[in-house]
2 protein chains.
Amino acid sequence: MQQMENSELYQFLAGNGASFFTPASYGMPPPSAAASTMHSFCSSSYYPLDSSEITDTPHQDRALAALKNHKEAEKRRRERINSHLDKLRTLLPCNSKTDKASLLAKVVQRVRELKQQTSQITELETIPSETDEITVLSTSSGDYDGGDGRLIFKASLCCEDRSDLIPDLIEILKSLHLKTLKAEMATLGGRTRNVLIVAADKDHSIESIHFLQNALKSLLERSNSSERSKRRRALDRKLIV
Amino acid sequence: MQQMENSELYQFLAGNGASFFTPASYGMPPPSAAASTMHSFCSSSYYPLDSSEITDTPHQDRALAALKNHKEAEKRRRERINSHLDKLRTLLPCNSKTDKASLLAKVVQRVRELKQQTSQITELETIPSETDEITVLSTSSGDYDGGDGRLIFKASLCCEDRSDLIPDLIEILKSLHLKTLKAEMATLGGRTRNVLIVAADKDHSIESIHFLQNALKSLLERSNSSERSKRRRALDRKLIV
DNA sequence: ATTAACACGTGAAAC
DNA sequence: TGTTTCACGTGTTAA
């Protein structure tokens, strides 16, 4: 918009030989390579010379030096940015030829995932409540987890405590091929809450969340049918006293 | 190097009025704003016209259209890249005015940290060995953790099992203001290994690692002095049988 | 007045 | 072929 690309003058004044032998293009006949110098000659003859054109060589020198500095600084800036992009290329699952935009898209996605995972792993509420509860959440909230291909689930189970609850839980996770990343378990007044962060295999889809949910539900029902009365009585007695 | 910026011809042919009123600079006297058009006039008169200059207007049109497409595509590319950079700006602890290079530097650092944290949280070896062990590692390996300001430690304690080991451990972590992100505990043959991923407060320095190490050491010694003989005998008996 | 950062238009090369 | 991506030099603007 507000640009002119009228810098051939400076290219000429700089005596930058490299640009003189740039192959002509766009049907301009040879020796169009010298055209950039001709611009200057032409305008010099077309417009009357003013005194500054003779006496301001120091001005020209300074402008020239400034332009050179500018050029080099800009190159350094580009290199700085690109070096960081290269580092990111090594940090992500992508080859060195993925273009900048796609690379940055991957980076955005990855940072979001990692943020989410660590925050979910960190924030656990383990104080058991008085009501039975089962919650199973997916970390990736539905969209495909491109990170390392694994879905992360957060499962919370709050129920009466019993001695073989943990082994049963472990059995469920094993049968569903879920790997436990973090488990936090607390018991209070005969009740327990177990919060699990589990990673699914790559072959799992988001639907696995339902298998886990159902398994935990049956576990809870099993728990209630067999041991409920005994524990309940003990808890009630404790509350009465 | 291999560039000429000799595109005034196309600016002129395109009739792009915007560039005509660009303020002159570098001491070129007015009406230098028209200089870019003069380049074309000048070169047209200096070099003999060939037939193509009259008959190839369709060529010119095509080249012009191509140039316009190119220009717009490049603009779209820039916008795509910059939009991703903006997304990253919102994802990281930095304002919207941090420059590209610094932003990307932060991104590199953040991705490295998060990778390291999640991998350390994931990779735990909990099978207890027959020899007593204490290891305390720092996640950030010495450099400042710019992530959310917290240092992450990984502590592993392998020793004889005893009933009040966990409460003692919890007491230690509480007194050192360390928050447990993940704990994995396994017992086998009367021995136990506890692997803890703990996060230090922001006011902790990397030196806190020594306090934790010493506390665990004293815990292990306490364990050995009181309960060792009894457990050892039981274990030895088991091994003999 | 320097310096640094940005968007732009362009030529070249990949595909 | 045309489409896409890149590096470059430049003009401009802000601290």
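The values are calculated or read from the model by the stated rules, or taken from the named source; none is laboratory data. Computed from a prediction, not measured in an experiment: that's the story for all the values here. When we count neighbours, we look across all protein chains shown, and the Cβ atoms used for this are built from the backbone with ideal geometry, even at glycine.
Considering only region A:128-144, I want to know if a residue exists there that is modelled with pLDDT of 85 or more, over 21 Å from residue A:201 (Cα atoms) and part of a loop (DSSP other than H, G, I, E, B).
Scanning region A:128-144, I find at least one residue that is modelled with pLDDT of 85 or more, over 21 Å from residue A:201 (Cα atoms) and part of a loop (DSSP other than H, G, I, E, B), so the answer is yes.
In this structure, is residue A:103 touching a Ser or Thr at 6+ places or on another chain (Cβ under 9 Å), buried (at least 16 other Cβ atoms within 10 Å of the Cβ) and either of a type outside the set (Phe, Trp, Tyr) or without any contact (Cβ under 8 Å) to a residue 60 or more places away in the chain (or both)?
In short, no.
Out of all the residues in region B:95-112, which are touching a Lys or Arg at 6+ places or on another chain (Cβ under 7 Å) and away from DNA strand D (no atom under 16 Å from the Cβ)?
Of everything in region B:95-112, those that are touching a Lys or Arg at 6+ places or on another chain (Cβ under 7 Å) and away from DNA strand D (no atom under 16 Å from the Cβ) turn out to be B:103, B:108, B:111.
Out of (1) surrounded by fewer than 13 Cβ atoms within 10 Å (Cβ to Cβ); (2) within 12 Å of another protein chain (Cβ to nearest Cβ); (3) not hydrophobic (A, V, I, L, M, F, W, C), the odd one out for residue A:97 is which?
(2)
Please go through region A:171-193 and pick out each residue that is modelled with pLDDT under 85 and closer than 22 Å to residue A:206 by Cα.
Listed by number, the residues that qualify are A:179, A:180, A:181, A:182, A:183.
Answer yes or no: is there a residue in region B:149-161 that is at pLDDT below 70 and either under 31 Å from the mean Cα position of the chain (by Cα) or closer than 26 Å to residue B:110 by Cβ (or both).
Looking for residues that are at pLDDT below 70 and either under 31 Å from the mean Cα position of the chain (by Cα) or closer than 26 Å to residue B:110 by Cβ (or both), one finds at least one in region B:149-161, hence yes.
Of all residues in region B:177-207, which are in a loop (DSSP other than H, G, I, E, B), of a type outside the set (Gly, Ala, Ser) and surrounded by fewer than 18 Cβ atoms within 10 Å (Cβ to Cβ)? Steps first, please.
If we filter region B:177-207 for residues that are in a loop (DSSP other than H, G, I, E, B), which is where we start, we get B:177, B:189-190, B:201-207.
Those still in the list that are of a type outside the set (Gly, Ala, Ser) too: B:177, B:201-204, B:206-207.
Result: B:177, B:201, B:202, B:203, B:206, B:207.
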